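Accompanying notes for the structure given below.
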Amino acid sequence: MKMIYRIKKILSFFIFLTVFSAGVYAIEPTWEVNLGSVFDNREGDANMNHAKTFFFVTLAPEVGLKFTDKDRIAGGAVWTQPLENGIKNGKIIPTLYYRHESDTWKFSMGMFPRTQLREPLPGFMWCDSLAYFQRNIRGALVQYNHRKGFFDAYIDWRGMQSETTREAFNIVFHGEWRPKNNLFLIGSHAMMNHLARRVNSPENEKVVDNFVVNPFVGLDFSHKTPLDSLIVKAGGVVSLERNRADNIGWRTPAGLWLDIVAEWKFLGIKNSLYAGGKLFPEYGLLGTELYQGEPFYMSSFYNRTDIYARILKNKYMNLEAQLNFNFAKNNFIFYQRIILDI
């Protein structure tokens, strides 16, 4: 009941502020409500990722004030609730941000929806389970849009330093450019993860720095085949990591990455392959405190194949069913997923 009361209190405040400002200053009120639900059943080997089931619903109401055609502020909450009898395991996180939008530049600051990103990040930078429960970015985002390409750059502040929490943040860059005829493309992903000490931490707890860089090239055959979409990307993935608690110095695992996406009508298949050094050498020790990607990148080989069908898709909702096959060295796990976004 406390959780529901908190949601009502936050929404009541912003509704009052919106109505009052609209009447006094002729500022345009805005509002939005997003509902989502995920069923994700995972079966197979559990030595790299847990074999478990996620089944939950998410409600994200948001109200705001639009000052100009390009500027607005908004606030609300994201309520994530497992499907169970009661609400004791539910979680509420706040949403509160400023947003600027023009044809070329976009900027956000505060706690804002991750859906503002132009594209999802690849699996070695971001994983499914974090996407379920970290729906907001906490920091700042700068975006550039052009008819030939784009880039997103943001900082996500994951942890404020205290006696129980290590300071943690990551800085991310994602850009892509299509110089000719939309056939050829070049781009890059880059991320810095920083994990600092807690206040009054033990001596063996030290700062950890992790960098990941992924330059790539690609071909977009979407207008060259009977398929609606066919995009191939390939590149290298280089990681640099140093844990100051040991004397190993910088680790530099690297490998090759290949990503293929093909879609026809409501059906699609995506295959991502990585082979090379183990990108997450200390995942067993630091886990998601440091690493944001799929834990399978602890392996020197990882292939993920997603087969999906968009059962319902229009401007109001998307209902998608997926089969995800994860193959890593000495490990296999199979996901069956149904994802609803309204």
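See the values below:
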read-out: Ranked packing of 295-306, 248-259, most packed first, by mean Cβ within 10 Å; value: 295-306, 248-259
read-out: The chain: calculated mean residue ellipticity at 222 nm from DSSP helix runs of at least 4, using -39500 (n - 2.57); value: -3000 deg cm²/dmol
read-out: For segment 188-339, convex hull of alpha carbons as volume per residue, Å³; value: 147 Å³
read-out: Largest to smallest principal axis extent of the C-alpha atoms in segment 154-210, angstrom; value: 57, 18, 8
read-out: Cα extents of the chain along the three principal axes, largest first (Å); value: 61, 60, 42
read-out: Relative contact order computed over segment 24-180 (Cα-Cα under 8 Å; 6+ residues apart), in percent; value: 13 percent
read-out: Global geometry of segment 73-144, whether rounded, prolate or oblate, following the gyration tensor of its Cα atoms and the 1.5 cut on a/c; value: oblate
read-out: Cα centre as origin, Lys/Arg/Asp/Glu Cβ charges: segment 125-247 dipole, Debye; value: 380 debye
read-out: Entries of LYS88/LYS329; LYS91/LYS148; LYS106/LYS233; LYS148/LYS315; LYS206/LYS233 with Cα pairs more than 30 Å apart; value: LYS88/LYS329; LYS91/LYS148; LYS206/LYS233
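All of the numbers you see were taken from the coordinates with simple rules; none came from a lab. Every value quoted in this text rests on a predicted model; they were computed, and no experiment measured them. Don't worry about glycine lacking a Cβ; one is built from the backbone with ideal geometry, like all the others, and counts go over all protein chains shown.
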